[in-house]
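Down below is the structure, laid out as structure tokens.
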Amino acid sequence: MRYLRQALLDCIEKDHKMALITGPRQVGKTTLVKHILEGKKAGDAYFNWDIESHRKSILRSPEDFWREKIVENAHPCIALDEIHKYPRWKKFLKGLFDAVGDKTQIMITGSGRLNTYQRGGDSLFGRYHLFHLHPLSVGEITRQEKDKIFSPQETVDSLMREPGLPNSKATLEKLFTLNGFPEPFYKNDPNTLHRWRREHRQLIIREDLRDLTRIREIGLIDALVELLPERVGSTLSLNALREDLEVSFNTVKNWIQTLSSLYYLFSIRPFQGRLARTLKQEAKVYLFDGSVIQKEGPRFENMVALHLLKACDTWNDLGYGDFELHYVRDKEKREVDFLIANGKKPWALIECKYSDKTIDRSLLYFQERLKPTYAFQAVYALEENVHYKTSSGIFLTSATHFLSKLP
């Protein structure tokens, strides 16, 4: 079962709060909460806003709709799916939690960002913990204890001192060829991947855009999505996209933000640290489904970005710190692919290379000036268990070893 299972149980059982689970379409949110319900002998207490009968039950009896589904003598535990499509979802959840939250465990899932679509007046502050469910990663697949999540320090200690996990190389190559979404990954079939990719894109562009936004230029959104894979790994020029699509700058900006809120893509911004000549504005864009990226270098960088974002979100969700994912670039075009900041301070610099084993000069440059706690160069082509600290203090590691240690 997925890596957040124990964290969700702790939230609803020990902290007595609602667990809000957000993440991309078809990443396994519904499967996860149904698994938890079944473990509690409450498997029928699942309600999906997209199912008409469930929707009518919720609207007819906002506080008691779930009671007839609870098994007798079981501790009440319910799951609400896609409830953020209800225009008054925040007011509804606040009322439900205030009425029965002291004796009912509540999980909410949604593919739109539950912390973004704040339709309704009343705040849910103090009533929930937010969790981000990401696609499968090397570490999650190869670890024996699937729901064991190591702290940032434990992660680094394991990366530096312990051998890699069994089957990590094969897992990495499979993720590189397919993607981390459960259906195409476990089916391991090119035809399934192509069909899934088409349906996944349709779900987001044809359904979620229609349900959650007022955007109606679906054809142009399709065209935008076609243009994005070739731009992964480079700074994203909204002006260039504006010219290609023949729309305004603000329109393109709004569309990118919307696709981010629907978990089709995510963007990282340059680190605004103590260096005077670093870039301040230009973002880089990555895709949750990296299988659409044709070139090997950008596809590998996209896969590393997904693993690092998952690590940052997971550590934040569990209260380990305030982690943010950035990249570093200055006006002389020196660049390091990723920087993880904790509390706005540089924590780890990460340069990823497809085959080059030579320590990158920009990584050396920014390591000296930003003085992060750690610096890594992860190389896809290195043998599985290669990992050592160089004389410059940079940790050179195979991508297999590096990624297998992340959540």
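Details
- Note on exposure: Arg329, Arg2 ranked by accessible area (1.4 Å probe, complete protein assembly) read Arg329, Arg2, with the most exposed listed first.
- Here Ile215 sits with roughly 20 square angstrom of accessible surface, probe radius 1.4 Å.
- Taking all protein chains as they are arranged and a probe of 1.4 Å, the heavy atoms of Asp211 leave approximately 60 Å² accessible to solvent.
- Share, in percent, of DSSP beta bridges within the chain that are antiparallel, nearest 5: 40
- Legend: residues Glu243, Glu351, Glu383, sorted from most to least accessible area (1.4 Å probe; ligands, DNA and RNA excluded), read Glu383, Glu243, Glu351.
- In Å², nearest 10: area of Ser267 left accessible to a 1.4 Å probe: 60
- Using a simple spin-label model with pseudo-atoms 7 Å out from Cα toward Cβ, Asp50 and Ser123 lie 3.2 nm apart.
- Think of each Lys and Arg Cβ as +1 and each Asp and Glu Cβ as -1; about the Cα centre, that makes the dipole of the stretch 255-407 roughly 600 debye.
- For the stretch 281-316, trypsin sites (Lys or Arg not before Pro) meeting the loop criterion (DSSP other than H, G, I, E, B) and having at most 14 other Cβ atoms within 10 Å: Lys295.
- Charge-dipole axis of the stretch 337-376 as Lys and Arg at +1 and Asp and Glu at -1 on Cβ define it, positive-most pick from Asn342, Tyr374, Thr358: Asn342
- Placing unit charges on the Cβ atoms of the charged side chains and taking the dipole of the chain about its Cα centre, the candidate lying farthest along the positive direction among Tyr186, Thr171, Trp315 is Trp315.
- In the chain, Cα pairs under 8 Å separated by at least six residues give a relative contact order of 15 percent.
- Charged side chains reduced to their Cβ positions (Lys and Arg at +1, Asp and Glu at -1) give the chain a dipole of some 680 debye around its Cα centre.
- Fully extending the segment from Lys148 to Arg269, taken as 0.36 nm per residue of separation minus the present Cα-Cα distance, adds 40.6 nm.
- Radius of gyration and Dmax over the Cα atoms of the chain, both given in Å: 21.8, 68
- Highest-fluctuation residue, Phe181, Phe92, Phe338 considered, GNM on the chain with Cα pairs under 10 Å: Phe92
The values are calculated or read from the model by the stated rules, or taken from the named source; none is laboratory data. This is a predicted model, so every value here is computed, not measured. Don't worry about glycine lacking a Cβ; one is built from the backbone with ideal geometry, like all the others, and counts go over all protein chains shown. For the accessible areas, the whole protein counts, side chains as well, though only heavy atoms, and no ligand, DNA or RNA atoms are used. Shrake-Rupley method; radii C 1.70, N 1.55, O 1.52, S 1.80 Å.
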